[in-house]
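Q: Please see the structure below; I have some questions.
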Amino acid sequence: MAFPALDSPLTGTSVPLSSLRSREGLGIGEFLDLVPLARWCRSAGLSMIQLLPINDTGFESSPYSALSAFALHPIYLRLSSMAGYESVQAMAEEARLALPRDKVDHEAVWTAKLGLLRAMFDSRPSLSSEITKWMASRPWARDYAVFWALRERFGRAGWQNWPHHRETTPKVRAQLYKDLGREAEFPLWLQINAEAQLSAAVAALKAEGAALKGDLPILLNEDSADVWAQPEYFNLSLRAGAAPDGMNPEGQNWGFPLYRWDRLAADGYQWWKDRLLHAARFYQAYRIDHVLGFFRIWATPQENISAQLGSYQPGPRFSAQQLQALGFDEARLVWMAEPHIFGSELRECLGEEAEDVLQTALVRIGTEDLFRFRGELSGEKALLALPLSDRAKAQLISWYRNRALVSQGNQEYSPAAQYYTSRAYASLSDEERGLWENLVREAFAQSESLWREQGRRLLEFMKNTTTMLVCAEDLGSIPDCVPQVLRELGIFSLRIVRWSRDWHAPGEPYYLIRDYPALSVCTPSVHDTSTLRQWWDEQPDHRGLLVALGLNPETDDGSLTSEQAKKILGALLTTNSRLCIIPLQDWFALDDTLRAGNPAEERINTPGTVGGANWAWRMKPFVEDLAQLESWTSSIRSLTDSRRLL
């Protein structure tokens, strides 16, 4: 869908679809809940609704772990609006009473809905002709259906653990679709209904003057229909993540495979284009999650658990010849690229278990009291599988990571993320360190052009494939080429106010919001951060932010009352950013009856943690009642009306 012209600053709200609560909903927000939300948006002067991904993730609660890049999650279906609901209505009402009301229990909701949907489908006559017609314009659908049906048949195991059909061909999958019959038709029937309900909601949004903004994660779960059916587009030997830094020395290993951009390019990026065109059926704008990954991505060999021994793809590389030209002979390269353990430290750290560790994991170098890892131990996972104590395994992994170079094969190396802490680096002379540091700087400088070229090439075809407005999530340690390419292509960047600071200036001052670039999305918080209210309560000093917002810091009494929240959000809406998206929880901060007692309860996700609190937030009021909350809605309307006059 084409995005309307941005003739004036636009204000919207963001909310996970799962977090909406309605009287007809069954334990979770549903596609049709967007209709009353759009009515409220119109009353409040809001022109955009931004969602998290709504792809099928099965029983996984994280919306960023999809089983398909195309399929919608049937968990968001409104059962009462589907044909055949009468046959399961009594069971549905029982399920509604049993499910939590104050939070989303994704697994419980999908278990209940899946059973009800199967019963509804089983009572239906053959739908083959309708499904065949629908599939004709959706080239992804058949493979998804076969994957879905086989996954159910094999106890929902990942395809890597299936007893059969781990590797297939288009011809085999076509035959499987015929053989599976109703088993494969069921997920497609779910998709037909999901698309119909979402399309109806989108039409209602358009009638209310609201655009829908989706979220396209860059990466896919390895256990997905796309990776299973088209493995040629994915590098399963590497896992994407984030590089180690001072706050997270192990980095982040997200577990998702990398794309083989060369193979996608050879096919004209058709898989990605199909994905974008499918998204354009529903969205007028979309957010590119982790846009930095289109320029470069931190990749870790799948044999490892942490991301400490990863490297940028593409990224800085040294050849053995380059290193030898600087005086690092073959023996020195081995010293730099492979961990070495002295016998004295082995015995000191592991005591009586040292001999077991030596026999199991290490090999002596010549006749010296010096050891290296056995060649067959090729990663952290192999070390964890050894029959040793947890203490010994932890020590071995620490030694295993201790290197200055990471081999990339073919006599090429990349600098280890924390090479400066390695034993090999510490052993270099001052002269050698100078040569090394110059080599690293030159390699990163040369990589900048690689990143620029790749990022521009990929983002350019993405922007030109549809008429949707493209917005990038450009957070983290960003090379200079990223904002440059985004500006050149007219792609919106992201400004989270609390993090929009000049980190290199004394005192790390906040940037003035009136100085934000026009081609940007301004927001006080996102799904991976605390809400504005929680962040405010946890910060000892708000002066810098208040100055950046153009407010008097002397008026700060330390707490974010509803009156103070209105001042903050009102000031934030004066930003120069053309788009300003306020999360629904932050709008709730304007009314004491709508905000949660504990602001931490309104947080969507805490990265790096696993638990029932993540992706479980559910709004307090019913979505149908929002437009009737006249005082609160009028308060928001006064702010959004002022923004239109900027």
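Q: Order by neighbour count: His106, His164, His504, His278, fewest other Cβ atoms within 10 Å first, most last.
A: Values: His106 24, His164 10, His504 6, His278 20.
Listing His106, His164, His504, His278 from fewest to most nearby Cβ atoms yields His504, His164, His278, His106.
Q: What residues from the range 494-534 fall in the zone where the backbone N is under 17 Å from a label point 7 Å along the Cα-to-C-beta line of Val547?
A: Once the point is set 7 Å along Cα→Cβ of Val547, 498-516 turn out to lie under 17 Å by backbone N, inside the range 494-534.
Q: Let me ask another. Of all beta bridges DSSP finds with both residues in the chain, what is the antiparallel percent, to the nearest 5?
A: Details: 26 of 52 bridges.
Approximately 50 percent, going by the DSSP bridge assignments.
Q: Considering only Ile604, Gly558, Pro74, whose Cα is most displaced toward the positive end of the charge dipole of the chain, charges sitting on Cβ of Lys, Arg (+1) and Asp, Glu (-1)?
A: Value computed over the given set: Pro74.
Q: What ranking do Thr360, Thr300, Thr633 get, fewest neighbouring Cβ atoms within 10 angstrom at the top?
A: On the way: Thr360 16, Thr300 27, Thr633 22.
So the residues, fewest neighbours to most, are Thr360, Thr633, Thr300.
Q: Can you tell me the length gained on complete extension of the stretch Glu437 to Gln484, counting 0.36 nm per residue apart and subtracting the Cα distance? Before the final figure, lay out the partial values.
A: Details: separation 47, 0.36 × 47 = 16.92 nm, distance 2.66 nm.
14.3 nm is the gain from fully extending Glu437 to Gln484.
Q: One-quarter of the Cα convex hull surface for the chain, in nm²? Display every interim value, and only then the final one.
A: Details: hull surface 129.2 nm².
Dividing the Cα hull surface by four gives the mean projection, 32.3 nm².
Q: Related question: Using a Cα-Cα cut-off of under 26 Å, which lysines could be cross-linked to Lys566, ignoring same-chain neighbours fewer than 8 residues away?
A: Partners found: Lys213, Lys620.
Q: For Ala211, list long-range residues whose amide hydrogen, built 1.01 Å from N in the peptide plane, is under 5 Å from its own amide hydrogen.
A: Met48, Ile49
Q: Pulled fully out, how much extra length does the chain show between Leu127 and Glu554, if you take 0.36 nm times their separation in residues and subtract their Cα-Cα distance?
A: Gain on stretching Leu127 to Glu554: 147.0 nm.
Q: Let me ask something additional. What lysines could a cross-link reach from Lys178, if we take a straight Cα to Cα line under 30 Å and drop same-chain neighbours fewer than 8 places away?
A: List returned: Lys113, Lys133, Lys273.
Q: Would you please state which residues of the range 375-403 a label at Arg364 would reach in this model, taking the label point 7 Å out along Cα→Cβ and a backbone N cut-off of under 14 Å?
A: Counting only backbone N, you get no residues.
Q: Another one. Between 0 and 90 degrees, rounded to the nearest ten: what's the tilt of helix 562-572 against the longest Cα principal axis of the chain?
A: Tilt of helix 562-572: around 70 degrees.
Q: Next question, about the same structure. How tilted is helix 630-644 with respect to the longest principal axis of the chain? Cα atoms for both, answer in degrees (0 to 90, nearest 10).
A: Compared with the principal axis, the helix lies near 70 degrees.
Q: Round to a whole angstrom and tell me the spacing of the C-alpha centers of the range 160-187 and the range 455-515.
A: Spelled out, the Cα-based centre of one part sits 42 Å from the other.
Q: Under 12 Å between alpha carbons, and skipping anything fewer than 8 positions from Lys567 in its own chain: which aspartates and glutamates qualify?
A: Asp556
Q: Next up: Neighbour counts of other C-beta atoms within 10 Å: give me Asp33, Asp289, Asp541, Asp625 arranged from fewest to most.
A: Details: Asp33 25, Asp289 16, Asp541 10, Asp625 13.
Lowest count first: Asp541, Asp625, Asp289, Asp33.
Q: Based on the Cβ-Cβ distance from Leu645 to Glu348, what FRET efficiency comes out when R0 is 56 Å, to the nearest 0.05? Spell out each step's value before the answer.
A: Working: r = 72 Å, r/R0 = 1.28.
Taking R0 as 56 Å, the efficiency between Leu645 and Glu348 is 0.20.
Q: Further question: Please report Rg (one decimal) and Dmax (integer) in Å for the Cα set of the range 555-646.
A: In Å, with Rg to one decimal and Dmax whole: 14.7, 44.
Throughout, read-outs are computed from the coordinates displayed, never taken from laboratory work. Nothing here was measured: the structure is a model prediction, and the numbers come from that model. So basically every Cβ, Gly included, is an ideal-geometry build from the backbone, and we count neighbours across all protein chains shown.
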